[in-house]
1. Starting with the highest mean, order A:21-33, A:52-64, B:36-48, A:70-82 by the number of other Cβ atoms within 10 Å, averaged over the residues of each peptide.
2. With the Cα gyration tensor of segment B:20-59 giving a ≥ b ≥ c as the square roots of its eigenvalues, does the rule (a/c under 1.5 for rounded; else a/b larger than b/c for prolate; else oblate) give rounded, prolate or oblate?
3. Excluding residue A:49 itself, what net charge comes from residues whose Cβ is under 10 Å from its Cβ, given Lys and Arg +1 and Asp and Glu -1?
4. Rounded to the nearest 10 degrees, what's the angle between the helix A:18-37 long axis and the longest principal axis of chain A, both from Cα atoms, 0 to 90?
5. To the nearest 10 degrees, how steeply does helix B:3-14 sit against the main Cα axis of chain B, on a 0 to 90 scale?
6. What residue among A:48, A:66, A:15 shows peak mean-square fluctuation when chain A is described by a Gaussian network model with Cα springs under 10 Å?
7. Output the 0 to 90 degree angle, nearest 10, between the alpha-carbon long axis of helix B:18-37 and the longest principal axis computed from the alpha carbons of chain B.
8. Put +1 on the Cβ of every Lys and Arg and -1 on every Asp and Glu Cβ in segment B:1-53; which of B:7, B:42, B:28 then has its Cα farthest towards the positive end of the dipole?
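We did not get these values from a lab; they are worked out from the coordinates using the rules stated. From a predicted model like this one, the values you see are computed outputs, not experimental measurements. Positions of Cβ are generated from backbone atoms using ideal geometry, with glycine treated the same way; all protein chains shown enter the neighbour counts.
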Amino acid sequence: MTKADIINTIHAELGYSKTDAARLVESTFDIIKEQLSDGESVKISRFGNFLVRKKHARKGRNPQTGEEMVILRRQVITFKASQVLRRQINK
Amino acid sequence: MNKSELIEALYRKESLTEQAASDIVNLVFDGFKEALKAGDRIEIRGFGSFSVREYGAYTGRNPRTGKKVAVQAKRAPFFKVGKGMKKRVNGE
């Protein structure tokens, strides 16, 4: 499934033109992306939570050269699926 | 931000009714859910991708009692953050 499939569903089920459907789907993801970029979590009930987690700096190694290096403090996005989604996927 | 706040942000941005924005957001996530239930992969460019991973059965332990418990094989959704998004969240 790609964005194009979602756009088609919005067009077919809700009657928007494909152009409008594309803009609306794009807009929806833009809002989510902006939130996450601002370090804000996005929680979708019955689906799951997109969380922004802060990672401390740590020492690591370049796996290719074996060279030791510092991995800087950074933020990562994680997804935690809701119990509802987990259950449905296992049905 | 939760789902109703996402709906609100969408209807403000796109000058929709609350109902219209709610229908769109629900269709997006219901679509994701259906695809994952069918075991399909979902790829949203610039955001990330979802897939279903299969985990084999294993013997685990109840962390509180230390008792052995058999954990059955299961499927679980997995989200891989897109490259662009990984950079963006670090202000790059």
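1. Numbers: A:21-33: 19.6, A:52-64: 9.8, B:36-48: 16.4, A:70-82: 14.5.
Per-residue mean Cβ counts within 10 Å order the peptides as A:21-33, B:36-48, A:70-82, A:52-64.
2. Working: a/c = 3.26, a/b = 2.01, b/c = 1.62.
In terms of gyration-tensor shape, prolate.
3. Values: positive: A:43, A:80; negative: none.
Result for the local shell: +2.
4. 30 degrees
5. Value to nearest ten degrees: 30.
6. Looking only at A:48, A:66, A:15, the biggest GNM fluctuation is shown by A:66.
7. Once rounded, one gets 30 degrees.
8. Selected residue: B:42.
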